[in-house]
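**Q** Just passing along the structure, written as structure tokens.
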Amino acid sequence: MLRFAVRDIGRGIDPAFQDQVFDKFNQQDTSDERRVRGTGLGLNIARSIVELHGGTIGFDTQAGTGALFYFDLPVAA
């Protein structure tokens with residue numbers, strides 16, 4: 001497997017939201033005051049693409065320290 005990873009230094013993902021991160025139309029911050037808007041589809045689409053290629057996707061996070069998102073893909077022989 002080959003791993004690709006991206007780390008941010010944001011506020012992290014709330015433990016109560018972690019089970020929903022890859023769900024369609026879901027966002028941790030749904031307030032009108034947020035800086036960046038979106039549809040809540042990006043991570044769901046990413047998961048679908050990675051899984052179609054035989055890979056897995058996940059993340060590690062701690063509140064206040066950001067998150068590390070990664071996906072693993074099989075290496076072609």
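**Q** To the nearest 0.05, how large is the calculated FRET efficiency for residue 11 and residue 41 if R₀ is 22 Å and r is the Cβ-Cβ distance?
**A** According to the calculation, E is roughly 0.55.
**Q** Determine ³J(HN,Hα), in whole Hz, for all residues of the range 8-22 in sequence, where each value follows from phi through the Karplus function 6.51 cos²θ - 1.76 cosθ + 1.60 and θ = phi - 60°; x replaces Gly and Pro.
**A** Taking θ as phi minus 60°, the curve returns 10, 10, x, 7, x, 10, 4, x, 5, 9, 4, 6, 10, 3, 9 Hz for the range 8-22.
**Q** How far apart, in nanometres, would the label points at residue 63 and residue 24 be if each is projected 7 angstrom from Cα along the Cα-to-Cβ direction?
**A** 3.1
Bear in mind these aren't lab numbers, they're just calculated from the coordinates by the rules spelled out. For clarity, every value in this text was computed on a predicted model and none was experimentally measured. Heads up, the Cβs are rebuilt from the backbone with ideal geometry, glycines too, and the neighbour counts pull from every protein chain shown.
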